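> One structure follows; several queries about it will come next.
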Amino acid sequence: MNVGMLWLDDDKKRPFAEKVQRAADYYQEKYGRLPELCLVNIQSLANERQIGKIKVQPTRTVLRDHFWLGMQSPS
């Protein structure tokens, strides 16, 4: 993913899947389509690797409690 939307959710009481879904809902409202990919900090990642239709992928380049959403780059 080269371009995306960065979302911050540091609410400790909110479940991980709900954080991703809220970010995806906002992304869809703003850009008119559901994101395909959500990059998260490796330490923030719960067991979920797929939330709905969104693939969740760990990376070291995204800060903790941040969610980088967008479309998968063509391979």
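> Which of the residues belonging to segment 1-15 are assigned to a strand (DSSP E or B) and either acidic (D, E) or farther than 25 Å from P74 by Cβ (or both)?
Once the filter is applied, which keeps residues that are assigned to a strand (DSSP E or B) and either acidic (D, E) or farther than 25 Å from P74 by Cβ (or both), segment 1-15 yields only L8.
> P74 - would you say it is part of a loop (DSSP other than H, G, I, E, B) and modelled with pLDDT under 95?
It is true that P74 is part of a loop (DSSP other than H, G, I, E, B) and modelled with pLDDT under 95.
> Further question: Please enumerate the residues belonging to segment 43-58 that are out of contact with any Cys (no Cβ under 8 Å at 6 or more places or on another chain) and either surrounded by 14 or more Cβ atoms within 10 Å (Cβ to Cβ) or closer than 21 Å to D11 by Cβ (or both).
Passing the criteria: Q43, S44, L45, A46, N47, E48, G52, P58.
Quick grid of which residues meet (1) out of contact with any Ser or Thr (no Cβ under 9 Å at 6 or more places or on another chain); (2) of a type in the set (D, E); (3) under 19 Å from L63 (Cα atoms):
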{"position": "N2", "(1), (2), (3)": "no, no, yes"}
{"position": "D11", "(1), (2), (3)": "yes, yes, yes"}
{"position": "Q28", "(1), (2), (3)": "yes, no, no"}
{"position": "L34", "(1), (2), (3)": "yes, no, no"}
{"position": "V40", "(1), (2), (3)": "no, no, yes"}
{"position": "Q43", "(1), (2), (3)": "yes, no, yes"}
{"position": "R49", "(1), (2), (3)": "yes, no, yes"}
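> Please specify each residue of segment 16-42 satisfying the condition of being in a loop (DSSP other than H, G, I, E, B), loosely packed, with under 14 Cβ neighbours inside 10 Å and at negative phi.
Selection gives R33, I42.
The values are calculated or read from the model by the stated rules, or taken from the named source; none is laboratory data. Treat the numbers as computed from the prediction; the structure is a model and nothing was measured. Virtual Cβ from ideal backbone geometry, glycine too; neighbours counted across all protein chains shown.
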